[in-house]
Amino acid sequence: MEEELVKMLLAVALGGVIGFERELHEKAAGVRTIILITLASTLFTLTSIEIAGNADPGRVAAQIVTGVGFLGGGVILKERGSVVGITTAATIWMAAAIGVAVGIGEYAVASATTAVAFLVLLALPALERHIATLSSQRYRVTCAGNGSHLDDVGALFAEAGLKVRRIVQTKAERRSRIEVNASGRPRAHQAARQALFESDFVEDFR
């Protein structure tokens, strides 16, 4: 009984570490959710070992993977053409795996995995943002009317979170063509395209 209690307390502590990072970034699955997933996985594993006897206790662990898969699928959403929540879903799956490891007594593995997962979640977003800024796309925007919309288009891209590296306008009869070279994250590019589509002064864009 004492060993089982230690395992459950460790599950709460390790789940809390990962949940803290999710809560810090205001994700759907925060401290409480991740702790409950880790604790439940540990309890299911302990129960399966207790009731299995000579049978295979791994059958319950397999069902944990299936159940957590459905739970993770619930946090994946499609927003403005982009898929969000995949990292949170993977974190839920990771929390369940840590709970199973604690349940079978692999304390070192569970602790090391928690530390690595925490560092990945905390440190790698900055690297992802840096990589995204190296990726640029070229846009050709056609605006109706004789007036200049150079500043309007530049502001639109900036508000979407993109860095405008080059913007040039050429005028034709009753319309102007603006070429923009912008860099940023895929989600920012998607937001810029959505803003261009909804803009009343943009006639066409590619």
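The values are calculated or read from the model by the stated rules, or taken from the named source; none is laboratory data. From a predicted model like this one, the values you see are computed outputs, not experimental measurements. A quick note on method: Cβ atoms are made from the backbone with ideal geometry, for glycine too, and the neighbour counts reach across all protein chains shown.
Here are a few things to note about the model shown:
- Residue count for the range 144-178, restricted to those that are surrounded by 14 or more Cβ atoms within 10 Å (Cβ to Cβ), in contact (Cβ under 8 Å) with a residue 40 or more places away in the chain and outside any helix (DSSP H, G or I): 2
- So His149, is it within 30 Å of Pro125 (Cβ to Cβ) and not hydrophobic (A, V, I, L, M, F, W, C): no
- When residues of the range 179-204 are limited to those that are among the aliphatic types (A, V, I, L, M) and assigned to a strand (DSSP E or B), the one surrounded by the fewest Cβ atoms within 10 Å (Cβ to Cβ): Val202
- Condition check for Ala90: in contact with a Gly (Cβ under 8 Å, 6 or more places away or on another chain) and aliphatic (A, V, I, L, M): yes
- All positions within the range 8-37 that are crowded, with 21+ Cβ neighbours inside 10 Å and in contact with a Leu (Cβ under 8 Å, 6 or more places away or on another chain): Ala11, Gly15, Ile18, Arg22, Ile37
- The set of residues in the range 70-99 being over 20 Å from Arg32 (Cβ atoms) and either modelled with pLDDT of 70 or more or not assigned by TED's automatic domain parsing to the domain that holds Thr38 (or both) consists of Ile86 alone.
- Val102 meets the conditions (1) part of a loop (DSSP other than H, G, I, E, B); (2) of a type in the set (Val, Ile, Thr); (3) at pLDDT 90 or above in every case but one. The failed one is (1).
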